[in-house]
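In what follows, a structure is listed as structure tokens, so that the remarks can point back to it.
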Amino acid sequence: MDKKILLHICCAVCAVSAIEQLKNEGWQVTGFFYNPNIHPEEEYIKRLNDTKLLLSKLEIPLIEGKYDKDKWFNKIKDFEEEKEGGKRCEICFRMRLEETLKEAKQHNIRHFTTTLTISPHKDSKIVNTIGQSINGDFFVVKDFKKKDGFKRAVRLSKEYNLYHQHYCGCIYSLPR
Ligand code: SF4
């Protein structure tokens, strides 16, 4: 089986343990940073730079997606007031995963998945259902938080001195 996989990365902390798991399973990982949901832009740059640094240390190639901020705001229009984990997040997951598939195809990478399932705040079933609905043949179902995946992420992120953000990403998830 072709073991190339494009991993959508939301941030370095979530990537570090997901990459470890995928590599242990024999996957040849390429990272894809596509997160137009992160605001303000300074925060986006912080998370992007941290991811760049980590992937260069791990010797994993990284593709940088566009910062499609306006497109993101258009997509989630009318769902601004949804609580975290609701409809707005489903739209946000779908947008990022659709772009990941597009990118994977452009690079002849047969599989794709995402670091999003590592967060204890995200429902892995919803993320995986969306991934499968986008392309059930290409999407690799994962639940990175299983087997203490998140604890491992926290431990590794301390080792690598990674930046820990305090909110999911969009302005609506900022602590009020
Ligand atoms: S809370 Fe997080 S997942 Fe939900 S819409 Fe905002 S950035 Fe996206």
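Please treat every number below as a calculation from the coordinates, not as lab data. Quick caveat, the model's predicted, so the values are computed rather than measured. Glycine also receives a Cβ, built like all others from the backbone with ideal geometry; neighbour counts cover every protein chain displayed.
Residues that are farther than 19 Å from residue 67 by Cα, aliphatic (A, V, I, L, M) and touching a Gly at 6+ places or on another chain (Cβ under 9 Å) within the stretch 79-138 comprise 118, 126, listed in sequence order. Among the candidates 83, 87, 75, 105, the residue that is over 28 Å from residue 161 (Cβ atoms) and surrounded by 15 or more Cβ atoms within 10 Å (Cβ to Cβ) is uniquely 75.
Condition check ((1) within 16 Å of the ligand (Cβ to nearest atom); (2) buried (at least 18 other Cβ atoms within 10 Å of the Cβ); (3) within 16 Å of the chain's Cα centre (by Cα)) across all residues:
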| site | (1), (2), (3) |
| --- | --- |
| 130 | yes, yes, yes |
| 147 | no, no, no |
| 169 | yes, yes, yes |
| 172 | yes, yes, no |
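Taking the stretch 122-140 as the range and being in contact (Cβ under 8 Å) with a residue 12 or more places away in the chain, assigned to a loop (DSSP other than H, G, I, E, B) and under 11 Å from residue 111 (Cβ atoms) as the test, the residues that pass are 135, 138, 140.
Restricted to the stretch 1-118, the set of helices (runs of 4 or more DSSP H) holding at least 1 residues that are over 12 Å from the mean Cα position of the chain (by Cα) and within 16 Å of the ligand (Cβ to nearest atom) comprises 41-58, 69-75, 87-106. Tell me, yes or no, whether the stretch 44-60 has at least one residue that is among the polar types (S, T, N, Q) and either surrounded by 14 or more Cβ atoms within 10 Å (Cβ to Cβ) or closer than 26 Å to residue 135 by Cβ (or both). Yes, that holds for at least one residue.
Conditions tested, residue by residue: (1) touching a residue at least 12 places away in the same chain (Cβ under 8 Å); (2) of a type in the set (S, T, N, Q); (3) more than 23 Å from residue 174 (Cα to Cα).
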{"residue": "66", "(1), (2), (3)": "yes, no, no"}
{"residue": "75", "(1), (2), (3)": "yes, no, no"}
{"residue": "80", "(1), (2), (3)": "yes, no, no"}
{"residue": "86", "(1), (2), (3)": "no, no, no"}
{"residue": "91", "(1), (2), (3)": "yes, no, no"}
{"residue": "104", "(1), (2), (3)": "yes, no, yes"}
{"residue": "107", "(1), (2), (3)": "yes, no, yes"}
